[in-house]
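Structure record follows, encoded as structure tokens.
A short reminder: the numbers here are calculations on the coordinates, not readings from a lab. Everything quoted here is computed from the prediction, not taken from an experiment. Because the Cβ atoms are built from the backbone with ideal geometry, glycine has one as well, and the counts that use them run over all protein chains shown.
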Amino acid sequence: QITDVKLTSISDLRTLCREGKVKEAIELMDKEGVKADADCFCALFELCGKLKSLENAKRVHDFFLQSTWRGDLQLINKVIEMHGKCASMTDARRVFDHMADRSIDSWNLMINGYADNGLGDDGLQLFEQMREQGLKPDSRTFLALFSACGSADAVEEAFIHFDSMKTEYGISPELEHYLGILGVFGMCGHLNEAEEYIAKLPFEPTAVVWDALRDYARIHGDVDREDRAEELMVSLDPSKAVSNKIPTPPPKKRTAISMLDGKNRIIEYINPTLYKDDEKLKALAAMKDSGYVPDTRYVLHDIDQEAKEQALLYHSERLAIAYGLISTPARTPLRIIKNLRVCGDCHNAIKIMSKIVGRELIVRDNKRFHHFKDGKCSCGDYW
Amino acid sequence: AAAEFSRMRLSGVEPNHVTFVTLLSGCADSNISFGASIHGYARKLCFDTSNVMVGTALVAMYAKRGLVDVARLVFDDIKEKNSVSWNTMIDGYMRNGKVRDAVEVFDEMPERDAVSWTALIGGFVKRRRFEEALEWFREMQVSSVEPDYVTVIAVLAACADLGTVGLGLWMNRFIMNRKFKDNVKISNSLIDMYSRCGCIEFARQVFERMPNRTLVSWNSIIVGFAVNGHAEEALKFFNLMQREGFKPDGVSFTGALTACSHAGLVEEGLLLFENMKRVHGIRHRIEHYGCIVDLYSRAGRLEDALNVIEYMPMKPNEVVLGSLLAACRTHGDITLAERLMKYLSDLDPGGDSNYVLLANMYAAVGKWDGAGKVRKTMKALGIQKTPGFSSIEIDCNIHEFVAGDKSHVDKNCIYSMLELLSSELKASGYVPGNTLYEND
Amino acid sequence: SFATPEDAAAERRRRKRRLRIEPPLSSLHRNQQQQQQSPPPPQRNPNAPKLPDHVSALTGNRLNLHNKILTLIRENDLEEAALYTRHSIYSNCRPTIFTVNSVLNALLRQSKYSDLLSLHRFITQAGVAPNIITHNLVFQTYLDCRKPDTAMEHYKQLINDAPFSPSPTTYRILVKGLVDNNRLERALELKEEMSEKGLAPDPTVYHYLMAGCVRNSDVDKVFDLYEELKGKLGGFVEDGVVYGSLMKAYFLKGMEKEAMEIFEEAVGAGYFLKGIKKESMETFEEALAENSSVKMSAVAYNSVLDALSKNGKFDEALKLFDRMKKEHNPPRRLAVNLGTFNVIAEGYCAQGRFRDAIEVFRTMGDYRCSPDTLSFNVLIEQLCNNGMLGEAEALYGEMGEKGVNPDEFTFGLLMDTCFKENRPDDAAGYFRKMVDSKLRPNLAVYNRLVDGLVKVGKVDEAKSFFDLMVKKLKMDVPSYKFIMKALSESGKLDEVLNVVDTMLDDDGVEFNEEVQEFVKGELRKEGREDELAKLIEEKERQKAEAKAKEAEAAEAAKRSARAAVSSLLPSKLFGSKESTESGSAEANGSPTVGEASSTESSSSDSDAERIKDETSA
């Protein structure tokens, strides 16, 4: 009878794992005391990693530690991977440090985890330890290592490791490794260098290579390079063509290729400073340059400390607006309620703020509404 | 009714419980001593303890007349209380400001229905404790008691006051799925809520979708437009309302006059003011005079504003004078402000806002000794400045701030955002003014 | 100083370490302290610069924002892209440095330098940490704006403070910019710094430096640089980009010494490449030999092409051009670009073969190259200066078709040439079009216009342009005098006075004695010299009147306020008047936002009513 119940429960658990219902699976283990098997744990680790939910990850890990599987190297590696995906390298490291013995995968996963979480330096350091312990890195270790270099802005080190891969460890680089080096350039924003690296590859670059360059160009907002990479990619693999792509407007500036150095004589024909409507702009620019500094001393003359704090910056409506800004998407209106009349200085400031932040700021004070928009207020400056 | 009852007694007809209930509800509105004697008579017949309806009517009567402790005694004596008695008691406590007692009774209640919840929530709203009202409304949701339209109206009023448009929108969706969705009072409340949250467009949509409208609906939308600075729309609706056969009342005129003052339509405003009495036969009340003072002040005609105050038939209150004082600030007329202040301090000796206004006016022109003097006066008179606070609703949660507030969890982000803002303000040419206090 | 990648890596770590007070999370001996819960996060040095966003920050909403901005950039709505980026700082989704860089890059691409700097200032203020791309964009901007010193200041900051090292591209940008801004010495120093930082010797950097030396005619330095590069790269320079400058240096040297002799030698040699000075030839052959391992990019070709074309070897240049065109196979192989066509068109012009120049310029499109305003301007100028206005205008027409905007130079050139060709109406038309396109010609261009118009007797038109421009342009005294003189000479004294009126109102120019005398002289011709005095008097009177009015208004305001107060004070108002409506004492004097709800009083009592209803039921 009892085993029957157990069997149903474990199959329930399996079903939940298959359906990706992590929460329910944890409930089942928690409340019903169902024991997961290796497959379930494996599935759960992957699910938690995918959902990036550290809380669930920790709970599943707890069950794992209580289970008979807790010594399984494969599964422990999965735990490391899960923690890495949940952005907790501290937890991953703790598991790693506790391991009785580690496979090369354990190291690889750790380095990869550091790289993915922007902690490339820690990954590189771990690699040093690995070497100190006399372990032999494998082909995947180097992939992880390149990823760590990319994450740590370590272009030069990537090449040191690339060289040592061939010379010290006798691993001949494959496409993935070249892509890895390309990724180091790409992630660090060395796009020019990345493109030149492609030109120097010992094989004809494939669509995958150009695809990678295009993605990095997109990340760093280099439209011309993106278009070029895309064109090359499509020429090699027409199936990757992007439909209804917006063509990029032609650049205005081409000094790099025009060969007409010193031929630009536009200066003889324009004189931007001698236009009358520029006076305003000039005045504004002059003011900007002088860097206005508020003189708090005279504002605060003859008033006490309490008033001092309030006097310039920290009136409650400004605090409420600041909080509203950091809590809502750009350009959505904010509604502030104030128990007193809004003060003249804040009214003036909020008017300008509405323009700076590009939002409608609606302030209801105890007198009336103020709809601030584009530097103007609906109250017409009378309140 | 009292006379009728006496005759009935004389003719020897025994009153039954219906008689008592009717009588008592009459007494609640007029004559407490007669009510008490009826109570005595009912007591003799043991109606007050054995008949729940009579007992409840007694509770209601005493509570309404402010004798909530007596009401409680009667309530305790009722042998078999029904839910109406409980609800009446809650309402009685709320009515008399005994919030804690009301909550206690509510907690003791064996079974709470929508009316109980509403009595509690409505009570909080009436006592202007809106946040608690909303908390209790959430409790009500949790205990899955279905709110009725009265609850909804109370909650909407709380939303309106707190400016929690997020919850207001939720309420609107909630209402759309209920059978009372076309209730005129609910729609009116929605209009009011939206316009007081500054979402005048939503208010207009609600208004336009209403199958039937009342005078209150029109007034709400007109005042809504007016206070939100849409003067043209307000006046348009004011005219539209009359074309549809509604007679404007005092509130409608307040809205229209506010709109005129907003748009600087001095002549139109004055004409409206005159027509109000001459054509519509509505007596001018002080708020209408206030509008006219505002109208003149806004247009910079301080002298005319003074004239209005001088010739209005009633004594000006501190609000009307305060409005002119504010105008002095806008137009930089310190002399007039100082004089007005003398009288204001007689009229409203504890009011801090006008002192603050004057101090800020001095500060604005750099008269620091003047500002200091005001400050000293305030200290001498023991006047405390009302602390200013501002609130904002994020994801249906209200966050409240006072000046220099450092208590918020995100204070670091808030302050660094403020610093960025202030440096950008300076870059766009904003010069901080000389405001001493948070209000003026 | 260090020169190996290992050293460079050490330098990088040193930079990073400055950010932390403690060494990074590590190492094996932590095994001993297993009990310790979670180690405290490594402390940040509060004075250290912030680390820029990592690529992994580009997810979720921030990635959506990035894509949205990229779309705006493609639609060329840069104003909105920059504005939206700014506005996103004030939101729950701050843009990453990648999004900011995208906008900066797009602004640079469209030469919107002030917008770029303003956005850069803003994000710096907002605490968005820059990465190497941001720095490179800013360097490029400063250098394009001819502010090499500012650029170097910024470079110093990067070296001292940034948590990362400059990239090879940084040095390319800086070296090119410094060379273009006549800071060759500093550029040469940078090359040294570059190698100290362990960066590989970069042929492109050497190319810029060599081109700079050629420009300064410092031939020996070119050879030095070439030898240095060759030495560092193990005896052979694979990148073809340096060979053009090397050729130019040989040409230069040759011209200094035995140029005539070399030319003699060159003539008569029939073979494609013969006839160039020997060393130059060798270089050329080395670079261009079919089986050479030198890699020639379009830029490298253009440099060689330029060397040939500018040194009397245009035929060879054309042959090379043909070869380049054959090699051109986009997208894989780009052997020609806009610069190629500019060099060839210029070469044709130098030979007086203007039609060929136009022809070759027009074939550009077949090679997926598109001309810019500068290319058009250079060619149009050549045509204008050589009596081919018709062809120049045809090219001008093509600009519109190709979506290339003419600038002040284009219009000014066409205007001047039209005057020369006695087509004053068309000249005026070009000027008007320029103003209508919101371009800003300067006073000299305007003066040439009115001068041209007056010369052909079109005084009225000149006056209409005066009226148009006086509102925009700051006129000087000679400009005023010129138009007055012209008007006076055609007997329009009323209009002269009209101009005087304008001039008196113009705060930017002084109506001095000399001008007065001049105007009087003109008026005297018809004996109307008194009118000037009258006009001046009238003007002064008007000004005085306006001032008085202002003062009076202020005074009146004060007076009325005073009167108002004094009339108020003794009145019955505040003390004696009985409250007629004590009931409304609580009512607000002015409407408040709470007003509407008070109208709903009927509903607020409804629950109590209902309780009553229930009771009586």
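So what is the 222 nm mean residue ellipticity for chain B from helices alone, if each DSSP H run of at least 4 adds -39500 (n - 2.57) and you divide by all residues, rounding to the nearest 500 deg cm²/dmol? Could the numbers behind the result be given before it?
Details: 25 runs with 307 residues, N = 440.
Using -39500 (n - 2.57) per qualifying helix, the result is -22000 deg cm²/dmol.
Determine which aspartates and glutamates satisfy two conditions relative to residue A:263: a Cα distance under 12 Å, and not lying fewer than 8 residues away in the same chain.
Excluding near neighbours in sequence, the set is C:346, C:381.
Can you give the longest stretch of chain B with no exposed loop site, where a site means GluC sites (Glu not before Pro) in a DSSP loop (not H, G, I, E or B) with at most 15 other C-beta atoms within 10 Å? Write down the numbers at each step before the final one.
Values: sites that count: B:80, B:111, B:244.
My reading of the result: B:245-440 is the longest stretch.
Compute the Cα gyration tensor for chain A, then decide on rounded, prolate or oblate, letting a ≥ b ≥ c be the square roots of its eigenvalues: rounded whenever a/c is under 1.5, prolate when a/b is larger than b/c in the other cases, and oblate in all that remain. Let's see the in-between values first.
Working: a/c = 2.41, a/b = 1.35, b/c = 1.78.
Oblate is the answer for chain A, as a/c is 1.5 or above yet b/c matches or exceeds a/b.
If I take R0 = 41 Å and measure r between the Cβ atoms of residue C:401 and residue B:419 in this structure, what FRET efficiency does the formula 1/(1 + (r/R0)^6) give, to the nearest 0.05? Walk me through the numbers before you get to the answer.
Details: r = 51 Å, r/R0 = 1.25.
Between residue C:401 and residue B:419 the formula returns 0.20.
In whole Hz and in residue order, list the ³J(HN,Hα) couplings for region C:505-514 that follow from phi through the Karplus curve 6.51 cos²θ - 1.76 cosθ + 1.60, θ = phi - 60°; x for Gly and Pro.
For region C:505-514, the Karplus-derived couplings read 7, 7, 6, x, 9, 9, 8, 8, 3, 4 Hz, x marking Gly and Pro.
Set the bar at 21 Å for Cα to Cα. Now go through C:112/C:191; A:23/A:78; A:351/B:385 and name every pair that lies beyond it.
Long pairs (Cα-Cα over 21 Å): C:112/C:191; A:351/B:385.
To make sure I understand the rule: partners must be aspartates and glutamates, Cα under 15 Å from the Cα of residue C:50, and not fewer than 8 residues away in the same chain. Which ones qualify?
A:153, C:161
Helix B:184-196 versus the longest principal axis of chain B: what angle, 0 to 90°, nearest 10, using Cα atoms?
Orientation of helix B:184-196: about 30 degrees from the principal axis.
If you take the beta carbon distance between residue B:411 and residue A:98 as r and set R0 to 41 Å, what does 1/(1 + (r/R0)^6) give as a FRET efficiency, to the nearest 0.05? The partial results should precede the final answer.
Working: r = 38 Å, r/R0 = 0.94.
Working from the Cβ atoms, E equals 0.60.
Note down the net charge around residue C:437, summing +1 for each Lys or Arg and -1 for each Asp or Glu among other residues with Cβ under 14 Å from its Cβ.
Values: positive: C:432, C:433, C:438, C:440, C:472; negative: C:407, C:408, C:436.
Counting the neighbours of residue C:437, the net charge comes to +2.
Suppose each label sits 7 Å from its Cα in the direction of the beta carbon; what would the residue C:537-residue A:30 distance come out to in nanometres?
My value for the distance between the label points is 10.0 nm.
At what distance in angstrom do the alpha carbon centres of region A:30-65 and region C:407-443 lie from each other?
So the separation of the two Cα centres works out to 77 Å.
Report, in whole Å, the centroid distance computed from the Cα atoms of region B:124-169 and region C:451-505.
The distance from the Cα centre of region B:124-169 to that of region C:451-505 comes to 75 Å.
Relative contact order (percent) for chain A, with alpha-carbon contacts under 8 angstrom and 6 or more residues of separation?
Working: 408 pairs, mean separation 22.5, N = 383.
Result for chain A is 6 percent.
Tell me, what is the FRET efficiency for residue C:224 and residue B:428 to the nearest 0.05, using R0 = 35 angstrom and their Cβ-Cβ distance as r? Don't jump to the answer; show the numbers that get you there.
Working: r = 53 Å, r/R0 = 1.51.
Step by step, r from the Cβ atoms, then E = 0.10.
Along its principal axes, what span do the Cα atoms of region B:184-288 show, with the longest given first and each in whole Å?
Cα spread of region B:184-288 along its principal axes, largest to smallest: 33, 26, 23 Å.
For chain A, give me the percentage of DSSP beta bridges that are antiparallel, rounded to the nearest 5 percent.
Numbers: 6 of 10 bridges.
DSSP beta bridges in chain A are roughly 60 percent antiparallel.
Testing the spin-label approximation: label points 7 Å from Cα along Cα→Cβ at residue C:516 and residue B:396. State their distance in nm.
8.1 nm
Which longest uninterrupted range of chain A lacks any GluC sites (Glu not before Pro) assigned by DSSP to a loop state (not H, G, I, E or B) and surrounded by at most 14 other Cβ atoms within 10 Å? List each step's numbers first, then the result.
On the way: sites that count: A:32, A:168, A:174.
For GluC sites (Glu not before Pro) (loop position, at most 14 other Cβ atoms within 10 Å), the longest site-free span of chain A is A:175-383.
So what are the ³J(HN,Hα) numbers for region C:493-499, from phi and the Karplus equation (6.51, -1.76, 1.60; θ = phi - 60°), rounded to whole Hz, Gly and Pro as x?
These are the phi-based 3J(HN,Hα) values: 5, 4, 6, 4, 4, 4, 5 Hz.
Do any trypsin sites (Lys or Arg not before Pro) in region B:168-234 lie in a loop, going by DSSP, with at most 15 other beta-carbon atoms within 10 Å of their beta carbon, and if so which? Working shown, then result.
Numbers: sites: B:173, B:178, B:179, B:181, B:185, B:196, B:204, B:209, B:213; in loops: B:178, B:213.
Within region B:168-234, the qualifying trypsin sites (Lys or Arg not before Pro) (loop, at most 15 other Cβ atoms within 10 Å) are B:178.
Using the structure shown, select from C:492/C:534; A:245/C:68; C:147/C:197 the pairs with a Cα to Cα distance greater than 23 angstrom. Each step should come with its number before you reach the end.
Numbers: C:492/C:534 18 Å; A:245/C:68 14 Å; C:147/C:197 25 Å.
Distance filter (> 23 Å) returns C:147/C:197.
Do the sum for chain A: with -39,500 (n - 2.57) for every DSSP H run of n ≥ 4, divided by all residues, what is the mean residue ellipticity at 222 nm, to the nearest 500 deg cm²/dmol?
On the way: 20 runs with 234 residues, N = 383.
Helix contribution divided over all residues of chain A: -19000 deg cm²/dmol.
For region C:451-560, which GluC sites (Glu not before Pro) pass both filters: DSSP loop (anything but H, G, I, E, B) and at most 16 other C-beta atoms within 10 Å? Working shown, then result.
On the way: sites: C:461, C:489, C:495, C:510, C:513, C:514, C:517, C:522, C:526, C:529, C:531, C:537, C:538, C:540, C:545, C:550, C:552, C:555; in loops: C:510, C:526.
When the GluC sites (Glu not before Pro) of region C:451-560 are filtered for loop state and at most 16 Cβ neighbours within 10 Å, C:510, C:526 remain.
Along Cα→Cβ, 7 Å out, is where each label goes; now give me the distance between the ones at residue C:385 and residue A:248 in nm to one decimal.
About 3.4 nm, to one decimal.
Would you please name the GluC sites (Glu not before Pro) within region C:51-133 that are DSSP coil residues with at most 16 other C-beta atoms within 10 Å of their C-beta?
Numbers: sites: C:75, C:79, C:80; in loops: C:75.
The qualifying sites are C:75.
Do any of B:64/B:185; A:376/B:236; A:200/C:248; C:455/C:525 go past 26 Å between their Cα atoms, and which? Before the final figure, lay out the partial values.
Working: B:64/B:185 24 Å; A:376/B:236 23 Å; A:200/C:248 28 Å; C:455/C:525 21 Å.
Result: A:200/C:248 exceed 26 Å.
If you build a Gaussian network model of chain B, linking Cα atoms that sit under 10 Å apart, which residue out of B:149, B:415, B:362 swings the most?
B:415
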